[in-house]
Amino acid sequence: RGGLAERLCRLQNRERSAISFWRHQCISDDNIPSDKSGVLIVRILEIFEECTIHVTICQQLEQSPDTLSPEDAVINAEEPILKVLFTRETAAHLKSRPQDVIHIYPPWQKLLLQNGDVPVIMNTYFSQKVLLSEHSEAREKTHGLTKMLIRKNIISLAQTFRLDDLDDELQRESSDNQIACAPQIHNNRDSKQHPSALSAVNDSLLEMVESQGAVGWREVQVRVVIQRVYSLPAREGCRSHIQGNKPLLSNGGMFCRLCLLVQDAYGMFSEVQLQSLSSTDDIEQYCRKWEGKFCCLAGMKILQRTTRGRALGLFSLIDSLWPPVVPVKVPGQSQDSEMMTANLPPPSFCYILTVQSGEIHVEVDEEEQISNLYQPPAVHGLKEILRIDGCNERCSFWAQVVYLRQQTKHSVPTDQREILLFVTDSTLQNVVHGIPKVVAVSVTASCVLSTEIMEALSVGSRPVFFRDALWGNGRIICVERTVLLLQKPLLCSAAGADLSELTGPVRLDELDSTTQASSICALRGTVVGVNESTAFSWPTCDRCGNGKLELCPQDRELLYCNQCSDIVTTPVLKMQLEVFLSCPSRSQSTVRVKNRMSRTVFLLTMLLFLQTYEVQSVLGKEVGLLNCYIQSLTTHPNCVALEEIVLL
């Protein structure tokens, strides 16, 4: 607070407000300010762009030629030549062209270079283009319909800092990169019509950012490799940008957008956030079609420059792709094969890019071969993942989902609730001791699940491919940039992992002293008590599951379902019973099991109790093995609360 950065920010805000107020005043007054003292009048001779600044070669005029149109004016060689600098915002406001007359109002500044003959005019925010006649107005309307080609000088960083090992070939490449701005490239067919646009393809994200600026690069492209395709929840402020287009996915009412993690030839990463895809598109098909392919980015603008401390999730994914599998180029060095190296520190910052609205900016060559720079996900068995010592490590695995449990806290909104997926694979099922046979995977609200995934899990047990999940502190978590797929990717590195599917029934670990809460286990024991106050049963419709059946008016011995409008001949009996068990594996604990199922191992025990309502009829009965979810574990009193479940 009170430092130079804050003072600079206040100064820039005041400056922007002053410029906006001055322009608004000029528009509302519909004339040129009457005060001509200190006004610099120039005629534009040539325009080009360098480092996001519009450089105009101008001729200084002593007075404004009120009666002479720019086309009829003759350049006087005696009038001084100036180099006037306009920011991109000011140039966009002026929409100036050669032969236009510009009035530059104070406080402009003149800079005299030590080795230059042409003075440089800066601080030109208060500038106004002068329309001199009706002929000029007609010319303005005509030119407004066509896009002006502006010469753009691309200056490489190596050339700027005069690096000693810069060879002549690199200097020639930099001089060849001076190209004219061409219309936006939309597809391969348009690219062939604009050879100047094809020559503007760069291979460095950092150089593009430095030379083009944060506002957006429309006329040149950068060629990158798509390392990952995923979707992210859109922030509240971003929803207004995607209202015109349907969001890619809807995760419980949450808007999402398709994103690409790309890498350039120098190893630098960037996240590209797209927004113009329809909701019917499937994330899985984009992963299959785009990952590993080259693409050209154009028209990007910088949304954010983020660092490792600000975006741990993004950089944990970047770290899993580092170091590169092939040597990358080194900035500022000659790009001979012997000068390339992969022994580079991991990136410390990353640019978040987004597209300019209303245009197509990403060209993916789906027919091209997979890039050598692409790193497919390394697939491991769950047994191997549980033995990883690191924290916040990205991991990919192929597992069978055996049970799904939604978070039921009413205080948490529906679109922010977590899902617990209990998974296993052959590496866990074949283990005898020491490692659990089933592990829990926590799916956070920020992890976007497609409708196809949710439907597949609700129907039954399905093998699911978890790509780039987060492992740390003994937990597997699906967070932002984690993708769940129903098919293994075409390219993946198995690294000797056993990826065979399960053939027999899933086995759970039995309840013992090491069992933790919010896990599932197998249970066996002897009934020692019944909670009589909560025991009851009720019939339900075997077609729709309606639990509010009525007596049939025609036949009082039959049941009738209002939802199906039909007689229920074979109702399904549902029951609730809470019993206390004595378990050898937890002899010191009170084990309380709640049952709400219709067909389980408890069925005979429950029927016997519900028919007689005598506790003695069920005491001493042996039950098990029961599949249970552990709701809570307490030490005072020593009690284990479980709920019987049915595996998928």
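Before we move on, is THR540 at pLDDT 85 or above, touching a Cys at 6+ places or on another chain (Cβ under 8 Å) and at negative phi?
Against the criterion (at pLDDT 85 or above, touching a Cys at 6+ places or on another chain (Cβ under 8 Å) and at negative phi), THR540 does not qualify.
Determine if segment 351-370 includes at least one residue that is at pLDDT 90 or above and not hydrophobic (A, V, I, L, M, F, W, C).
yes
Being at pLDDT 80 or above, assigned to a strand (DSSP E or B) and open to solvent by 40 Å² or more (accessible area, probe 1.4 Å): is that true of THR634 here?
Criteria met by THR634.
Give me the residue from segment 519-534 that is open to solvent by 70 Å² or more (accessible area, probe 1.4 Å) and farther than 14 Å from MET575 by Cα and, out of that set, farthest from the chain's Cα centre (by Cα).
It comes out as VAL528.
For residues that are of a type in the set (A, V, I, L, M) and at pLDDT below 95, scanning just segment 448-469, find the one that is most open to solvent (accessible area, probe 1.4 Å).
Step by step, filter segment 448-469, then rank; the result is VAL459.
Kindly state which strands (runs of 3 or more DSSP E) lie completely within segment 502-586 and contain at least 2 residues that are more than 30 Å from VAL423 (Cα to Cα) and of a type in the set (Phe, Trp, Tyr).
Answer list for segment 502-586: 536-540.
Just name the residue that is modelled with the lowest pLDDT out of those in segment 291-314 that are closer than 15 Å to GLN273 by Cβ and surrounded by fewer than 18 Cβ atoms within 10 Å (Cβ to Cβ).
Restricting to residues being closer than 15 Å to GLN273 by Cβ and surrounded by fewer than 18 Cβ atoms within 10 Å (Cβ to Cβ), the top hit is LYS301.
Working only within segment 101-117, note down all residues that are at pLDDT 90 or above and open to solvent by less than 60 Å² (accessible area, probe 1.4 Å).
Selection gives VAL101, ILE102, HIS103, ILE104, TYR105.
Tell me the residue from ALA73, ALA77, ALA92, ALA18 that is part of a loop (DSSP other than H, G, I, E, B), loosely packed, with under 13 Cβ neighbours inside 10 Å, modelled with pLDDT under 90 and small (Gly, Ala, Ser), please.
Exactly one residue qualifies, and that residue is ALA77.
Quick check on this structure: which one of ALA440, ALA445 is within 21 Å of HIS380 (Cα to Cα), open to solvent by 10 Å² or more (accessible area, probe 1.4 Å) and modelled with pLDDT of 85 or more?
Matching residue, one of ALA440, ALA445: ALA440.
Can you name every residue in segment 535-587 that is open to solvent by 50 Å² or more (accessible area, probe 1.4 Å), acidic (Asp, Glu) and either touching a Phe, Trp or Tyr at 6+ places or on another chain (Cβ under 8 Å) or closer than 30 Å to LYS621 by Cβ (or both)?
If the condition is that a residue be open to solvent by 50 Å² or more (accessible area, probe 1.4 Å), acidic (Asp, Glu) and either touching a Phe, Trp or Tyr at 6+ places or on another chain (Cβ under 8 Å) or closer than 30 Å to LYS621 by Cβ (or both), then ASP542, GLU550, ASP566 are the ones that fit.
Taking SER270 and the conditions (1) within 12 Å of the chain's Cα centre (by Cα); (2) under 21 Å from GLN356 (Cα atoms); (3) at pLDDT 90 or above; (4) open to solvent by 20 Å² or more (accessible area, probe 1.4 Å), which numbered condition does it fall short on, given that it satisfies the others?
(4)
Tell me, yes or no, whether segment 473-494 has at least one residue that is open to solvent by less than 20 Å² (accessible area, probe 1.4 Å), in contact (Cβ under 8 Å) with a residue 60 or more places away in the chain, over 20 Å from THR427 (Cβ atoms) and part of a strand (DSSP E or B).
yes
The values are calculated or read from the model by the stated rules, or taken from the named source; none is laboratory data. Keep in mind that what you see is a predicted model, and the values were worked out from it rather than measured. As a convention, Cβ positions derive from the backbone with ideal geometry for all residues, glycine included, and neighbour counts pool all protein chains shown. Ligands, DNA and RNA are stripped out before the accessible areas are found, and what is left, the full protein with its side chains, is counted by its heavy atoms. Shrake-Rupley method; radii C 1.70, N 1.55, O 1.52, S 1.80 Å.
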